[in-house]
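Here is the structure we will look at, set down as structure tokens.
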């Protein structure tokens with residue numbers, strides 16, 4: 001019995017790993033046959049997908065917005081690359097480019113606009129330090145930013161005499177724009193905002209905001225840590241100058257991995273602050289000559305962990321093997337199931353927008369007369385459910401992050417647990 005079980009998993013993983021190597025091109029007949037071998041009925045398909053995660057069943061994991069669990073195809077791709085490189089003791093730099101093309105396909109970008117980083121925070125630091133901002137210049141951002149997105153700008157402001165202006169990001173797009181307009185001044189050089197907020201899971205109108213900024217000569221910077229892997233992202237359609245994200249959240253990639261996007265237009269105003277081998281197009285120390293690469297990958301200086309970059313590629317391949325539409329639809333479906341139930345509960349305030357165009361897998365709520373920290377403790381201690389506290393900006397709420405490894409039954413158990421806490 002155990003042998004049969006191992007055989008099933010090995011065959012399933014082999015198929016998924018094959019699909020994870022698939023590039024963005026029309027599917028071959030073999031690819032189509034493998035894809036068709038997976039259950040097409042959702043009632044069978046998603047339990048099948050759940051088995052591809054080593055995630056324990058001892059508790060229910062609702063925190064992909066903090067750290068996403070990697071599936072076996074990602075782990076095995078990393079292990080295979082690690083063994084391969086250690087066997088010959090090479091860096092594996094030449095393996096980066098196929099992954100760069102995969103990521104560019106997923107994000108609607110060109111490969112030369114993509115760089116690999118350690119996380120979204122590192123990407124934001126690179127962006128902030130690479131702009132030629134001067135004393136008196138202003139950065140406008142929202143009050144709902146993650147520390148990793150906001151701190152690089154705060155430190156930059158302290159060190160270089162810049163000014164940070166904050167505004168409240170309302171769930172209503174029209175009110176959001178009014179609040180933004182009030183914060184912008186003649187010296188505003190940068191608009192930085194989250195594509196999806198880490199607090200309420202609100203999806204901001206990124207394309208409209210970047211267009212608004214561009215018309216006023218303002219540089220647009222987006223923190224996409226909560227977006228990539230949760231909602232479709234098309235960076236060329238959005239039209240932002242810079243975008244940073246993590247690979248280890250919704251993308252389900254390796255821990256300490258990230259992606260940085262620098263648009264072709266922005267590459268003309270951006271200057272790398274950290275450089276080294278692989279940053280150069282031409283270098284001759286004897287002649288004191290250095291010409292840096294123009295593309296985003298100039299920020300990938302020195303030896304990089306090819307194993308983790310391979311893991312990012314496998315994570316993108318995992319999404320491709322499921323099908324991007326089916327993958328994103330599943331996240332929205334689970335989010336909507338939870339929101340619909342919570343919206344009807346007395347003494348509970350749903351803070352995440354109900355509109356499926358304005359939110360996806362993050363659901364944030366408050367229970368009247370209940371300490372949000374105690375709510376999280378009860379969910380973990382009594383029900384073995386991992387969620388996240390939202391203490392930022394005095395919101396004092398509970399955040400649930402639903403991903404494809406979750407099931408309708410798990411969502412229903414969460415709804416029952418919350419209902420019991422509300423009444424208790």
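Throughout, read-outs are computed from the coordinates displayed, never taken from laboratory work. The model shown is predicted, which means the values in this text are computed figures rather than measured ones. Don't worry about glycine lacking a Cβ; one is built from the backbone with ideal geometry, like all the others, and counts go over all protein chains shown.
How many times 2.2 N^0.38 Å is the alpha carbon radius of gyration of the range 201-265?
Numbers: Rg = 12.2 Å, N = 65, 2.2 N^0.38 = 10.7 Å.
Rg over 2.2 N^0.38 Å, computed on Cα atoms: 1.13.
How many angstrom lie between the C-alpha centres of the range 64-123 and the range 238-266?
12
If we count other beta carbons within 10 Å of each Cβ, what is the order of 210, 89, fewest first?
Arranged by neighbour count, lowest to highest, 210, 89 become 89, 210.
Where does the chain land on Rg/Rh, using Cα atoms and the Kirkwood Rh?
Expressed as Rg/Rh, it is 0.98.
Taking the convex hull of the alpha carbon atoms in the range 194-303, what volume per residue do you get, in Å³? All intermediate terms of the calculation are to be shown ahead of the outcome.
Numbers: hull volume 12.7 nm³, N = 110.
Looking at the range 194-303, the number lands at 116 Å³ per residue.
For the range 325-423, what is the Kirkwood estimate of the hydrodynamic radius, computed as the reciprocal of the mean inverse distance between distinct Cα atoms, to one decimal in Å?
Value: 13.5 Å, from the Cα pair sum.
Can you sort 190, 400 so the residue with the fewest Cβ neighbours within 10 Å comes first?
190, 400
Hey, in the GNM for the chain with a 10 angstrom Cα cutoff, which one of 88, 238, 331 fluctuates hardest?
Of 88, 238, 331, the most mobile in the Gaussian network model is 88.
Take peptides 65-73, 274-282 and line them up by average Cβ neighbours within 10 Å, highest first, as a rough protection proxy.
Most protected by this proxy first, the peptides run 65-73, 274-282.
Quick check on the exposure proxy: order 243, 283 from fewest to most C-beta atoms within 10 angstrom.
Exposure proxy ranking, most exposed first: 283, 243.
Using 0.36 nm per residue of separation minus the Cα-Cα distance, give me the extension gain between residue 57 and residue 419 in nm, one decimal.
Numbers: separation 362, 0.36 × 362 = 130.32 nm, distance 2.24 nm.
Length gained, residue 57 through residue 419: 128.1 nm.
Taking the DSSP beta bridges in the chain as the whole, what percent of them are antiparallel, to the nearest 5?
Taking every DSSP beta bridge within the chain, about 55 percent pair in antiparallel fashion.
Inverting the mean 1/r over all pairs of different Cα atoms, compute the Kirkwood radius of the range 141-241 and quote it in Å.
13.9
Sort the following peptides by mean Cβ neighbour count (other Cβ atoms within 10 Å, averaged over residues), highest first: 78-85, 411-418, 142-149.
Most protected by this proxy first, the peptides run 142-149, 411-418, 78-85.
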